[in-house]
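Each remark here refers to the structure printed beneath this line.
Derivation of every value follows stated rules applied to the coordinates shown; laboratory data play no part. Predicted model, so just to flag it, every value in this text is computed and none were measured. In this analysis, Cβ positions are derived from the backbone assuming ideal geometry, glycine residues included, and neighbour counts consider all displayed protein chains.
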Amino acid sequence: MSKILLRGMRLIDPATATDERIDLLIADGVVASRGVGIAVDEETRIVEIPEGVVAPGLVDMHVHLREPGGEQEETVESGTRAAVHGGITTLAAMPNTEPTIDTPAWVEYVRSRGKLTNVHPIAAITVGREGKTLAPLAELAEAGAVAFSDDGRSVADANVMRRALQYATMIGRVIIAHCEDQALVGSGTVNEGLASTRSGLSPIPAVAEETIVARDILLAKSAGARLHIAHVSTRGSVELVRRAKADGITVTCETCPHYFCLTDDDVRSYDTSTRVNPPLRSADDVEAIREGLRDGTIDAVASDHAPHSLEEKQVEFDAAPPGMVGMETLLPLTITHMVDTGILSLGKAIALMTIEPARALGIAAGTLETGAAADVVVFDPDGKVEVTADWFRSLSKNSPFIGSTLSGRVLMTIHNGEVVFEEDLGTAHGSSENHGKRAAESNELVVGV
Ligand SMILES: [Zn+2]
């Protein structure tokens, strides 16, 4: 097992209220110690990057890995390679695969294939995600399901959803609700309003989401259950969650970068990578999402990484499957649109991608306290990322951000104490004289020279 000293960099660990320049020593796969001037032996690799920020490896609680059944779009292996390129060391994988992850054997299969990161399978709430019969939740939890969701659609039958909430609570798991009323969505593909009028594409009203957010909050209250709402996208949803929290209902929620940095105006290009469920919303909704992140109503930023092949997306807008890839742009989009704009501090942004989603899932992750698993990201918040199709390590490239330049460059990702991603030495930047001198010393390797 390797020993690594991350020396003198800015360490941001919201779980321990830490934001200071200190050393972090990794040994035996865990955070061995933190402090100033930690002495090390010569087997220890020393990493010292002046512009580097050290933070807990990111926790992405909403990912589609496509295995089993969609291996041409993504596998657990390719997905985790993309994850570590984005600084993610823990991810939760949605069950809308083929077949559906609704048996203990499939949960075990997905979980065991995660090598580069922790992979926590989310199992289906109902058999085949058909909304009728509850899946064997206790057995699924036993096999390692971290949560339950029929993501991609809501559980339409309120009684089935209520029983799922009661049962999941009994076994200590959270239900993750995809909130869209199918009757109100209909054949819609874009937000109802200017976007649908101008494009002539079929509309999805905001109330399609909000009506189920309201229903599921009420069901969670009546069941005394913990509920997590996936990909909140409208002002009304943010207001419903804010009120529920004020009323003491145990609800958490997430949003995704595309809901705070794109609007329904962006579908104007008919770029099928802007087709997502729920759809991109109005500028007013984006404003509300940003406020919800700022005031703590929204607990987490997740990618909703949804890989699709070029063939699948090279069709008419209405015919394209919804979703965009997102794990690799999660950090840079959040820094560029929420931190660099002054809405969130860097520490708060990190919390939304580490300890907060870990708490929502009830897992031990997202902190660099002494003794915690050494899951770490080192990134340069000001380092530029030029997003090109080739830059993605995901098997799929369906991103509307191709061609943009973002801030927040991942330099190194460490999982269980081992380096699982490291930016090529030749392309890293930010060397200094001091840097070069230290690199010349025998046991030191300085990234960025
Ligand atoms: Zn969903």
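Listed values, structure above:
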| item | result |
| --- | --- |
| Qualifying lysines (Cα of each under 28 Å from Cα of LYS3; at least 8 residues distant if same chain) | LYS115, LYS437 |
| Separation of the THR405 and ARG198 label points, Cα + 7 Å toward Cβ, nm | 2.6 |
| Virtual spin-label span in nm between GLU142 and GLU369, 7 Å along Cα→Cβ | 3.1 |
| Residue-span extension gain [GLU20 to MET1] - 0.36 nm each, minus C-alpha spacing | 4.1 nm |
| Extension gain, VAL207 back to ASP28 (0.36 nm per residue minus Cα-Cα distance, nm) | 59.4 nm |
| Sites ALA156 and LEU310 - FRET efficiency at Förster radius 41 Å, r taken between beta-carbons, to 0.05 | 0.80 |
| Cut-off 14 Å between beta-carbons: net charge of the residues surrounding ASP264, Lys and Arg +1, Asp and Glu -1 | -3 |
| Proximal lysines relative to LYS313, as straight alpha-carbon distance under 24 Å, when same-chain residues fewer than 8 apart are discounted | LYS397 |
| Stokes-Einstein diffusion coefficient of segment 56-361, Kirkwood radius over Cα pairs, 20 °C, 1.002 mPa s, in µm²/s | 113 |
| Efficiency of FRET from Cβ geometry, SER112 and ALA183, R₀ 30 Å, rounded to 0.05 | 0.15 |
| Inverse mean reciprocal Cα-Cα distance (Kirkwood Rh) of segment 134-285, Å | 16.1 |
| Net charge of Cβ neighbours under 15 Å - reference LEU116; Lys, Arg +1; Asp, Glu -1 | -3 |
| Relative contact order (%) - the chain, alpha-carbon pairs under 8 angstrom, separation at least six | 20 |
| Cα→Cβ-extended label distance, 7 Å offset, between GLU43 and ASP424, nm | 3.2 |
| DSSP bridge pairs, the chain: antiparallel proportion in percent, nearest 5 | 50 |
| Student exercise, the chain dipole from Lys, Arg, Asp, Glu Cβ charges, in Debye to nearest 20 | 900 |
| FRET efficiency, THR250 to ASP295 (Cβ-Cβ, R0 25 Å, nearest 0.05) | 0.85 |
| Taking all pairs of distinct alpha-carbon atoms in segment 1-55, Kirkwood radius in angstrom | 11.3 |
